[in-house]
Structure formats: C-alpha cells, structure tokens
Amino acid sequence: MQPIHLAWIDYAILLAYVAFVIGIGWTLARYMKTSSDFLTSARSIPTWVTGLAFISANLGALELVGMAASGAKYGISTAHFYWVGAIPAMIFLAVFMMPFYYGSKARSVPEYLKMRFDERVRALNSVAFAVMTIFASGISMNALAKLLNQLLGWNYNAALWICSGVVLLYVLKGGLTSAIYTEVLQFFMIVLGFAPVVYLGLKDVGGWHAMNQSLQTVASNPSALLLKPAGEIYTAHAWTSAWQPVLAGPESNPMGVDWFAMIFGLGFVLSFGYWCTNFLVVQRAMAAKNMTAARNTPLVAAVPKMFFPLLVILPGMIAAALAVNPGKNYRLPPPPIDSDKFTIAVQVLAKSPSQDFEVTYSEISKAIGIKMSKEKVEALVKSDAVLSLGSVIAQDEQAQAEAQTTRTALKQLKRGGTASSSDIAAAESKVADAKNSLSAAETKLKQTSSALNEQLRDAVMANDYDGVILSLVKRYCPPGLLGLALTALLASFMSGMAGNVTAFNTVFTYDLYQSVRRGFVDTSREVTIERVGKTEDAVITPKEPKDFHFLWMGRVVTVVGILLSICAAYFASMYNNAMDIIQLVFGFVNAPLFATFLLGMFWKRTTATGAFVGLFGGITGSAIFHALTITEGNIPGVKGGYMHVLKEFPSEMAQNFWLASFAFTACFVLTLVISLVTKRTKTDAELKGLVYSLTPKIVDHNIPIYQKPAVVGVVLLIVCVILNFIFW
Amino acid sequence: MGLDIRWPIGLMFTLIGVLLTGYGVVNRAGSVSLDININLIWGVVLLVFGVLMLLGASRGTKNPPSA
C-alpha cells in the first residue's frame, strides 16, 4: 500500500488531540489523593459523562473497523448487535443489576462475586479478566501500530511505543477519571470525525434509496464482489432488511444464522454477558456519583448506541453499494501483500515474458498464496510495466555492479599509495557517477514495483474487510478532514488501551493484590515472644497498610499493565492466528458468566460451590463444544473441530452464537444442580444488598419521572422495537 | 471531580474548528470533496459545537440535564 501523505493541517489536528488528552491527565493529577480517586474515581462523576464513557469504552477501534466490515459482508443485519444485543442488555443492567453492583459498595465486578459467593469465584473471574484486558489492549495497540505503519509509513516499533507512552502519561496522571474523560472526548471525536465521511459516502452512492437498490444487485450476485463463493444467491432484500432474511432461515441470510441463535445466542447470552458483567464497561457506571446516576449511566449510553449503526455499519453498506457500481471506480480493499511474498511474485513476473502464461499464473498464485483473478494477472503480464521489468531489474543490477567496481578501484588506488592525485580524483568522480546512476535505477525500480504491488493486490481474489472504513476515509477526505478522521481512529485505539488498562488496574490492585496480600500477610499469627528473659505466647494482628500504599500500587500496576500490553501487541503481531486464538478464549471465558450472575443475583439458594463449578464447567463446556463443531469451508484447527466434527455450522457467526448458548446452558444447569445439593454458606442477612429478593426495593419517588430508570428503560425499549420494525 | 469536562471538549473542538475552517478558506481547491468545500462546512460545525460546550461550561451548572 502506498503510504498517504499528511499535510501540516492533519498533523496539527492530531497534535491538538494528543495535547488535550495529556493536558486532561495533568489537570486531574492534583485530585488524585487516594487509591479510590485513582482506581474508582471516588464515585463522583456526573451521569452524562459516565454514560458517554460507558459506550466509548466499548467503541474501540476494533468495533469501528469490525462493524464497517460486517456492514459490507452482511448488510443491515449487523445492526442486530445493537438493536437485539446491546440495547436490551444495557436496559437490564440499569434497571435490575446496577442496584447490586453500586449498592453493594463493591469496587469491581470480581469483588461483587466475592461478596456474593467466595474467594474462589472471585479469583477465577479476576484472573481471567486481568489476562483478557491485557490481551485486548495489546490487540488494539498492535492494530494501531500496524495501521500507522501501512497508512503513514511510520516505523512499527516507534508507533507502538509512542502511542503507548501517551496512554501511560495520561492514565498514570489522572487514573480512571482520566480514562473516562478522554473516553468522552473520544466519543465526540469519533462521532464528529466519521459523520462527514458517512455523509459524503451516502451522497456519492446517490442517497439511501439508491444505496438500497445497489445492495439488491449485490444480493443477487454476491460473488461478483467476492463476498460469497460463486453460485450463492440471496433474495433481493438480504442486505437491506434486518429481520426477514433471518426469519427465512440460515440459508437465506448472508450471516448464515437462524432466529433462535440470533435471539438467544446473541441477544441474550452474548450481549447480556458482555454488557452486564464485563467490568470494563460496568466500571464506568460504578464511577457515577450516586445510585440514580449509576443506574442511569447505561440508559444515557443507550440513546446514542441505538443510532450508532448509522455511523459504523452504514459505511460498510455504502462500500458494498459503491463496489457494485462500475462507474464509481471502487473495489472493496484487497488484503495487503507481505513484502517477502511480493518479492517472489516480482521475480516470477520478471521472467514471465519468456514463459507460458499458465505457468506464470500458477506460480503467481502460489507466491501470493491466495486465489488470483486470471484476467487481471493476464492484463498485468501484458502491461508495459512487466514487459520492461526485466530491463529495469537488469539496469539496477548493472548499476549496482558498476558502483561496486568503481568503489573497489578507488580503494585499491588509495591503498597502493603510488597513484597521483589526478587519478584519484578521476576515480572518485567515477564513483560519484556510478552512485548517481544507481540511485536513478533504484528510483525507477521502486516506482515500478510499487505500481506492480498495487496491481497485484487488485488481482487478489479476496477482500480485506477491515480496510473498508479506511478506504472510504481515503476516498473522501481532503487534507484537514483526513486529519480529523485519522485522529478519531487513533483516539479510539488509544482509549481502547486506556480503558483496558484502568480496568486491569482496579481488578489487579483490589482483587488480586489486596486479597492475596491479606491472605498471606494479614492473618493473625500466634508467636512466642521472649521478653526480659521470660517467654510468653501472643497473637500478632498486622494492620492493613495505609491507603497510600494502594495508590502507589495502582500507579505501578498501570506501568506494568502497559508494558504487558506492549508484549501482548508484539505477540499478536508475531503470529497470524494470535488474534483468532485470543478472541476464541475470550468467547470461552465470557459466554457462561452471565448464568452465574443471573442465578447469583436472583436466586438466594445459589451456593459458592455451585457458582464456581458451574462457571468452570461452562468454560470447559464451551471449549469442548468448539472442539467438536466446525464451520462449513474451514479446516479443523483453530477454527474448531480439532477433536472430532459432530456438527457443521453454515457460518462462523452461527457457530459462535450456538457456542455461547451452549456454554450458558451448561453453566446454568450445573450451578443450579450443584447449588441444590450443596449447603448455603451465607445467611440471608449476609446476602442483603446482593440478592434481589433480600434487598429492599429502591424507592425513587423523589426523583423526576424522566430520571426514573424503569420509566426511561421502557421508553428506550419501545424506541428500540420501533427501530427493528422500521428496518424489518 | 474538580474539572468540568466541557472545558477541554469545548476548547479542543473550537481550536480544531478554527483550524479546519481556516484551512477551508485559505486552501479552497484542496478542501473540496464531491464538489463541497467540506473542510469549511465541517469546520464551522465543529466550531459551533465547541462554542456551545464552552458556553455550557461557563454557565457552570453542575450537571447538564441527563437522560
């Protein structure tokens, strides 16, 4: 990919953002007096701020990039992640779960588990969560550094360390408040940075109606855009209706999902599991200043969230609609070609004029490793660039040899010591000439190869869906707007890291460090003391260290967390499958979690052993489920089926949704059964404030009706249902 | 927390708005996308947004209406 050139205005916008972010951290630093200020924002932030941070923490760049990718691949059905998934879950969190999180005074989700169950459940959850946050932030930073490297030609290492350094600066200074404030800044940055791109895209494609018509063409032959294998045809509204294709069955919608997996798997298990139990988002609500504010946080967040498909999914749909219009001269971006693969391909091209086209074609396909378009390779082979490639390479080699010989000649002259000064001068000018012609030859070669790279990429029969959003930004943004859009993207990557690091921080300091420390250090010990010749037995009860100790610890953990994230980023960049594996493990750990919370919060009979075994069983269950199922077209391995293939799913998404449903059910049933056969360890009094039936209902007579979570929740739910019907 | 977030948001978008608008005025040819001077238009939008945020912050109501 040709790096794009940024103008000074773009850099100015970028720098302004970075300066403000660091400035916020600096300003907040003087309010950071206790560990609670640093790690939980001392529960003092207004609702609209926590609300925007709540969605912002989730609106990382991967979401931004991924949703546009899915918009192109699956069309409007992608919005189910919002209208079936996120919104109902956020309302449930606000109305039913927040009272326990906030009311229990727990500082983190694992700490709630400790209060409700015991140390084992907390440990399992907090360790899994800590590892996940580190990898999530590593993935985010790796993606950012890669992007800066490909897009702007920056050095990968420099980009990684500088961006991490900026995050470190502001999180270290201002703690969670810093992260939350920058998330709000980032929210506006993303909305205001991408809205013009969407607007221009929509204008380009001819408006909403024209886009829908183009997408009908896409649906009638998706293989033309390489969206689906040849021969797969869908009904006209497959890309433009949210429900009809899903209800018609997995063969009729591009996602390959049936309605049950959609509603139960995505809508119930995955979404509720993510939005209601993931500390990364829940932490934002827990930082609110009072119970009403905490409960309203997810509701405030739900309002923009409902309309986000316009901002994040629509660009993907626009891209697909553009690509199907030959007049628009746009194709869904092809994947970048690795430099070593490219080198081999160029060698093949260089000798192509002298050999049969079929041989060249198969060699090129082999070198690139992906299926190539025959027509495009043929055109490429016949192009002037390739025909002259041999002579360009020969010229370059000749120039190199010339440079070498003249240099050696000059060296020998100098070493001999007998040569006259005029001989040396002549030899020196020869060296200079050779250098000039070498650099000319090299420029020529570079130009030729970068043109070849573009054309080879274009011939690749595959799409890099993650590049969709960037391809639109590049297409529509003049300098200035380009800087704004790139800053928005950069902001979302960095806040992805900041959000994860602050969540890691709190969980590590309070749930792992403080609790383990108590276990080892703070237990009372019986000792024998020798005092003035007399020995006596005594009990020593060490005191908890001062809060300052934990503030200091929180800071150290921030640094450690960021260093670990950088390691995770390198890990993700080294192995191609790293990302797949990590996301897979996330799925295993997250899917069953909501069953534990549901039973724990709403059934007082649930025991700690039941919860622990259920959670463990759910995680193992999902790993086994994955090992026994596979998606059509995938080979057994990372994508599943490595033990034995019992069931084949039409798409990865279907496999994913069913896996979540299975894990949830396994955890639910196990927890239920084991709770019934084990004894309760906590009394009703101990569970007050932690379990629904044992907690006095919150009376909210004294707050205005538009702030009552139940009322607002119902209104939002109605709007969400209406949205589903509009795009039926 | 002592800092009203609307100050930095307002300041930043006002600054970026001014930059973008200025660029759109000075470099008209380089700001056009699909026949619109998008830098100028969007710069003004950002500017208005930034100023509104600043106004909100300076009026100093502790919390803007939520939900």
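Key figures for this structure:
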{"read-out": "Matching entry among A:713, A:689 (being at positive phi and either in a loop (DSSP other than H, G, I, E, B) or open to solvent by less than 80 Å² (accessible area, probe 1.4 Å) (or both))", "value": "A:689"}
{"read-out": "Matching residues in the range A:637-663 - criterion: being without any contact (Cβ under 8 Å) to a residue 40 or more places away in the chain and hydrophobic (A, V, I, L, M, F, W, C)", "value": "A:643, A:645, A:646"}
{"read-out": "Residues within the range A:642-686 that are assigned to a helix (DSSP H, G or I) and under 24 Å from residue A:613 (Cα atoms), tallied", "value": "22"}
{"read-out": "Wholly enclosed helices (runs of 4 or more DSSP H) of the range A:254-332 bearing at least 1 residues over 30 Å from residue A:177 (Cβ atoms) and within 14 Å of chain B (Cβ to nearest Cβ)", "value": "A:314-324"}
{"read-out": "Pairs, first surrounded by fewer than 20 Cβ atoms within 10 Å (Cβ to Cβ) in the range A:310-327, second in a helix (DSSP H, G or I) and of a type outside the set (A, V, I, L, M, F, W, C), C-beta under 7 Å, six or more apart", "value": "A:325/A:214"}
{"read-out": "Some residue of the range A:120-133 being closer than 18 Å to residue A:599 by Cα, of a type outside the set (A, V, I, L, M, F, W, C) and surrounded by fewer than 21 Cβ atoms within 10 Å (Cβ to Cβ)", "value": "yes"}
{"read-out": "One residue from A:726, A:718, A:722, A:703 being touching a residue at least 60 places away in the same chain (Cβ under 8 Å), surrounded by fewer than 16 Cβ atoms within 10 Å (Cβ to Cβ) and outside the structural domain of residue A:267 (by TED's automatic domain parsing)", "value": "A:703"}
{"read-out": "Test for residue A:182: is it among the polar types (S, T, N, Q) and surrounded by 21 or more Cβ atoms within 10 Å (Cβ to Cβ)", "value": "yes"}
{"read-out": "Condition met for residue A:13 (within 11 Å of chain B (Cβ to nearest Cβ), touching a residue at least 40 places away in the same chain (Cβ under 8 Å), touching a strand residue (DSSP E or B) at 6+ places or on another chain (Cβ under 8 Å) and buried (at least 17 other Cβ atoms within 10 Å of the Cβ))", "value": "no"}
{"read-out": "Condition check for residue A:434: part of a helix (DSSP H, G or I), surrounded by 17 or more Cβ atoms within 10 Å (Cβ to Cβ), in contact (Cβ under 8 Å) with a residue 24 or more places away in the chain and touching a helix residue (DSSP H, G or I) at 6+ places or on another chain (Cβ under 9 Å)", "value": "yes"}
{"read-out": "Of residues in the range A:463-478 being facing chain B (nearest Cβ under 9 Å) and either at pLDDT 90 or above or within 30 Å of residue A:223 (Cβ to Cβ) (or both), the one least open to solvent (accessible area, probe 1.4 Å)", "value": "A:476"}
{"read-out": "Residue A:160 vs. criteria within 19 Å of the chain's Cα centre (by Cα), open to solvent by less than 30 Å² (accessible area, probe 1.4 Å), in contact (Cβ under 8 Å) with a residue 40 or more places away in the chain and farther than 27 Å from residue B:43 by Cβ", "value": "yes"}
{"read-out": "Cβ-Cβ under 8 Å pairs, at least 6 apart or on other chains, the range A:603-629 side more than 15 Å from residue A:589 (Cβ to Cβ), far side of a type in the set (Phe, Trp, Tyr) and open to solvent by 50 Å² or more (accessible area, probe 1.4 Å)", "value": "A:627/A:642; A:629/A:658"}
{"read-out": "Residue satisfying all of: in the range A:692-707; assigned to a loop (DSSP other than H, G, I, E, B) and of a type outside the set (A, V, I, L, M, F, W, C); nearest to the other protein chains (Cβ to nearest Cβ) among these", "value": "A:704"}
{"read-out": "Whichever residue in the range B:12-46 is within 8 Å of the chain's Cα centre (by Cα) and open to solvent by 50 Å² or more (accessible area, probe 1.4 Å) and, among such residues, is farthest from the other protein chains (Cβ to nearest Cβ)", "value": "B:44"}
{"read-out": "Residue that is nearest to the chain's Cα centre (by Cα) [pool: residues in the range A:185-203 that are open to solvent by 20 Å² or more (accessible area, probe 1.4 Å) and facing another protein chain (nearest Cβ under 9 Å)]", "value": "A:188"}
{"read-out": "All positions within the range B:47-63 that are buried (at least 22 other Cβ atoms within 10 Å of the Cβ) and within 9 Å of chain A (Cβ to nearest Cβ)", "value": "B:53"}
{"read-out": "Selection count, the range A:549-602, where residues are assigned to a helix (DSSP H, G or I) and either within 26 Å of residue A:39 (Cα to Cα) or at pLDDT 85 or above (or both)", "value": "36"}
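The values are calculated or read from the model by the stated rules, or taken from the named source; none is laboratory data. Everything numeric here is computed off the predicted structure, so don't read it as measured data. No Cβ is skipped: glycine too gets one built from the backbone with ideal geometry, and neighbour counts run over all protein chains shown. When the accessible area is computed, the model is the full protein with side chains, heavy atoms only, and any ligands, DNA or RNA have been set aside. Shrake-Rupley method; radii C 1.70, N 1.55, O 1.52, S 1.80 Å.
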